[in-house]
Amino acid sequence: MRKPIIAGNWKMNNTNAGTKALITELIPLVKDVKGTEIVICVPYTNIATAAELIKGTNIKLGAENVHWAEKGAFTGEISAEMLVELGVEYVIIGHSERRQYFGETDATVNMRVKAALASGLKPIICVGETLEQREKNRVKSVLKKQVDGAFADIPEDQLANIVIAYEPVWAIGTGKTATAQDANDTIKIIRNRIAKLYNRKAANKLRIQYGGSMNAKNAHELMEMKQIDGGLIGGASLKAVDFSIVVKH
Ligand code: PEP
């Protein structure tokens, strides 16, 4: 019922030359994929190049962040309208690296989600616990706070345009993946929270990805799980062959 979505998060990688090489290699590898939505989230400076290259293909374009204001005195920031103009469809919001290094909070995540939706962008909202929080058995309360914060005042009719990425912080870029069962169980906690905030029908429709060292080797097992509707892929999205294997899982 929920269409799987595999999204690459390139982070701060690739020049325009690298973008051209990677996308040119990726297009033929995934051209026959129909049942899975394919997204690449690229640095701002590569968006125009990526948009041109993926025209007419089954690959969609995403950005890695968006500011909440429409415009104004926010040096170094990028608005939703600027992204839409370039053909961006998805935007990652609240990635743990933004939370950890750039002071992102649940409140600013919520502001960015609202701005994205108002411009027709589809947010990929990242949530997830740190290792310390997991070890202290705080997974449920941490996720509740993050989900409640991100979805504050978001109307139910917008849920179809939102994807959640459950990314345990300890699994991002570390090579440590959550077990498929663990990821599935934790995503169920998130889905149950959405059901509490909205209703069960809405929660059952919402797509929730897993992210955290998902790669060509473990994608199949993770994607087999009932609750997991896709992946947010960091490192493995920088290699066309690996990313295509994840897409085809
Ligand atoms: C990410 O950046 O969202 C991510 C999951 O990274 P990696 O796949 O490298 O762990």
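The values are calculated or read from the model by the stated rules, or taken from the named source; none is laboratory data. Since we're looking at a predicted model, the values are computed, not measured. Ideal geometry is used to build each Cβ from the backbone, glycine not excepted, and the neighbour counts take in all protein chains shown. Ligands, DNA and RNA are excluded from the accessible area calculation, which covers all protein heavy atoms including side chains. Shrake-Rupley method; radii C 1.70, N 1.55, O 1.52, S 1.80 Å.
Just need the Rg to Rh number for the chain, please, alpha carbons only, Kirkwood Rh.
Here the Rg-to-Rh quotient is 0.94.
Could you quote the convex hull projected area for the stretch 93-140, Cα atoms only and averaged over all directions, in nm²?
That works out to 3.7 nm², a quarter of the Cα hull's surface.
Compare 91, 142, 42 in a GNM of the chain, Cα atoms joined below 10 Å, and give the one with the largest fluctuation.
Between 91, 142, 42, it is 142 that shows the largest mean-square fluctuation.
With charges only on Cβ, +1 for K and R and -1 for D and E, what is the dipole size of the chain about its Cα centre, in debye, rounded to 20?
700
Within the stretch 102-177, list the trypsin sites (Lys or Arg not before Pro) lying in a DSSP loop whose Cβ has at most 15 other Cβ atoms in a 10 Å radius.
Working: sites: 112, 114, 134, 136, 138, 140, 144, 145, 176; in loops: 136, 138, 176.
Of the trypsin sites (Lys or Arg not before Pro), the ones in loops of the stretch 102-177 whose Cβ has at most 15 other Cβ atoms within 10 Å are 136, 138, 176.
Output the Cα-based Rg and Dmax of the stretch 1-108 in Å, rounding Rg to one decimal and Dmax to a whole number.
Spelled out, the Cα radius of gyration and Dmax of the stretch 1-108 are 14.6, 44 Å.
Pick from 76, 235, 35 the residue whose mean-square fluctuation is largest in a GNM of the chain, springs joining Cα atoms under 10 Å.
76
Say the cut-off is 23 Å between C-alpha atoms; which of 60/188; 140/205; 3/248; 34/217 go over it?
Over 23 Å Cα-Cα: 60/188.
Counting pairs of alpha carbon atoms under 8 Å apart in space and at least six apart in sequence, what relative contact order in percent does the chain give? The partial results should precede the final answer.
Numbers: 488 pairs, mean separation 54.1, N = 249.
After rounding, I find 22 percent.
Chymotrypsin sites (Phe, Trp or Tyr not before Pro), restricted to the stretch 56-142: which are DSSP loop and have at most 15 other Cβ atoms within 10 Å?
Counting only loop positions with at most 15 other Cβ atoms within 10 Å, the chymotrypsin sites (Phe, Trp or Tyr not before Pro) in the stretch 56-142 are 74, 102.
Please compute the per residue accessible area over the chain with all protein chains in place, 1.4 Å probe, rounded to a whole number of Å².
On the way: 11680 Å² over 249 residues.
Per residue, the chain has an accessible area of 47 Å².
Students often forget the sequence filter, so: which lysines lie under 16 Å Cα-Cα from residue 71 once same-chain residues fewer than 8 apart are removed?
Within the straight-line cut-off, residue 71 pairs with 114.
To two decimal places, what compactness ratio does the stretch 126-249 give when its Cα radius of gyration is scaled by 2.2 N^0.38 Å? Provide the component values of the computation, followed by the final result.
Working: Rg = 14.3 Å, N = 124, 2.2 N^0.38 = 13.7 Å.
With N residues counted in the stretch 126-249, Rg over 2.2 N^0.38 Å equals 1.04.
I'd like the per residue volume of the convex hull spanned by the Cα atoms of the stretch 1-62, given in cubic angstrom.
Once divided by residue count, the hull of the stretch 1-62 is 75 Å³.
Can you give the convex hull volume per residue for the Cα atoms of the stretch 148-211, as a whole number of Å³? Each step should come with its number before you reach the end.
Working: hull volume 5.3 nm³, N = 64.
Here the figure is 84 Å³ per residue.
What does the charge count near residue 87 come to, summing +1 for each Lys or Arg and -1 for each Asp or Glu among other residues with Cβ under 12 Å from its Cβ?
-1
May I have the extent of the alpha carbons of the stretch 108-193 along their three principal axes, as whole Å values ordered from largest to smallest?
Reported extents, whole Å, longest axis first: 37, 24, 22.
Determine the share of the chain's accessible area contributed by carbon and sulfur atoms, expressed in whole percent, with a 1.4 angstrom probe.
54
Under 19 Å from the Cα of residue 144, which aspartates and glutamates turn up, not counting those fewer than eight places away in the same chain?
104, 106, 129, 132, 135, 153, 156, 167, 182, 185
Taking residue 239 as the anchor, which aspartates and glutamates have their alpha carbon closer than 15 Å to its alpha carbon, excluding any fewer than eight residues away along the same chain?
25
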